[in-house]
Amino acid sequence: MTAYEPEGATGRPGGADQRGAPGADAGYDAVVLAGGAARRLGGEDKPGVRVGGRTLLDRVLAACADAARTVVVARPRPTARPVEWAREDPPGGGPLAALDAGLRHTGAPYVLVLSADLPFLEEKTVRRLLDTLRAGTPHENPGVSRPARDGHATRIEGPGDRHDGHGTRADGSGTRLDGVLLTDPDGRDQPLVAVYRADALRRELGALAAEHGSLSGLPLRRLVAALDLARITDPVASFDCDTWDDIAAARARIREHGHVLDEWISAVKDELGIDLDVDTGVLLDLARDAAHGVARPAAPLTTFLVGYAAARAGGGPEAVAEAARKAAALALRWADEDTPVARPDNGSPAAPPTPATEPDAG
């Protein structure tokens, strides 16, 4: 496996580039909480449990691969993508202490906060969370609600609720979203599948620390209650693995017909250190043409050669598509030559040419 070996609890792994200094990127940073005792797994290292050949932690890291920097709060271990490591003080101080430790390594205006046990979280869900917070317009997103800050009444914003494009309402009230989180199928908040404004997190974590003397041992609900949040329902992305039954259900789902190919391709790309999105339909069509028009072993060998040629051409989806196009055209030409050629006189296949046995009389 292509892995980034950690150098230390607060250092960068193996010289990996985390794309700039804090605050240099106007996008988002990610904080992944990967500690905890995993008591319902018998003390197993939950982030290291594999689903579809990849650890739960690596699956989560793939969903936030475009973060300006990614901070994992946990004991360092090899990962498929470069990360920074942090630890709460003292270790085992709970999610708020861990979040505070990770937040100290970030500088982007938005912070994606994730647990390390989300097998089905995808980049599109991360994008939806970010887009909702940036726009501050939950009414434009189906399934988004924004409860009142007292935690009791819930309202859905309507077309009359305008915002300035920065998450601030344009009606003069000055109210803006502090974050957007997912809810599970039962409507429960999942504050560790959420994106927040970094300034709001720092403000409320600081207030909680000042009130209680420490963040250690405080529940996440204290933070959630203090923030103005929108909710998005996503039953699949919010699925987390707390028990071995959850692990078994996740492993079974990825082997279902509708998921297995995408899961396998994602696992292979992580294993080989490839970060490339290509049209798998093009490659599958090429493999079919090579198998039917030439021979079955031609399919995997041809697709391998296409990948090699694309790499030599500089890589990228365009290089793969062009190499696949050339190979597919060749496979079709090859198959055409195996089609009997009709003679113009009686329509029967033409006999192969024979060498001349006497001089040309002409």
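For the reader, a short list of remarks on this structure follows.
- Of the residues making up segment 222-237, at least one is open to solvent by less than 20 Å² (accessible area, probe 1.4 Å), within 24 Å of L96 (Cβ to Cβ) and under 18 Å from the mean Cα position of the chain (by Cα).
- Residue that is farthest from D275 (Cα to Cα) [pool: residues in segment 81-98 that are under 20 Å from the mean Cα position of the chain (by Cα) and surrounded by 23 or more Cβ atoms within 10 Å (Cβ to Cβ)]: W85
- Test result for A194, farther than 20 Å from L129 by Cβ, in contact (Cβ under 8 Å) with a residue 60 or more places away in the chain and open to solvent by less than 10 Å² (accessible area, probe 1.4 Å): no
- Cβ pairs under 6 Å, 6+ apart, first in segment 92-109 and touching a residue at least 40 places away in the same chain (Cβ under 8 Å), second assigned to a loop (DSSP other than H, G, I, E, B) and surrounded by 19 or more Cβ atoms within 10 Å (Cβ to Cβ): L96/L215; L96/L218; A97/E88; A97/L215; A98/G35; A98/E88; D100/L215; A108/A68
- Single residue of D45, D66, D25, D58 found to be at negative phi and modelled with pLDDT under 65: D25
- Whichever residue in segment 247-279 is open to solvent by less than 60 Å² (accessible area, probe 1.4 Å), assigned to a loop (DSSP other than H, G, I, E, B) and out of contact with any helix residue (DSSP H, G or I) (no Cβ under 6 Å at 6 or more places or on another chain) and, among such residues, is nearest to G307 (Cα to Cα): L276
- Qualifying residue in segment 134-142 (condition: crowded, with 19+ Cβ neighbours inside 10 Å, modelled with pLDDT under 50 and small (G, A, S)): no
The values are calculated or read from the model by the stated rules, or taken from the named source; none is laboratory data. Quantities reported herein were computed from a predicted structural model and do not represent experimental measurements. Don't worry about glycine lacking a Cβ; one is built from the backbone with ideal geometry, like all the others, and counts go over all protein chains shown. Protein only, heavy atoms only, side chains kept; ligands, DNA and RNA dropped before computing areas. Shrake-Rupley method; radii C 1.70, N 1.55, O 1.52, S 1.80 Å.
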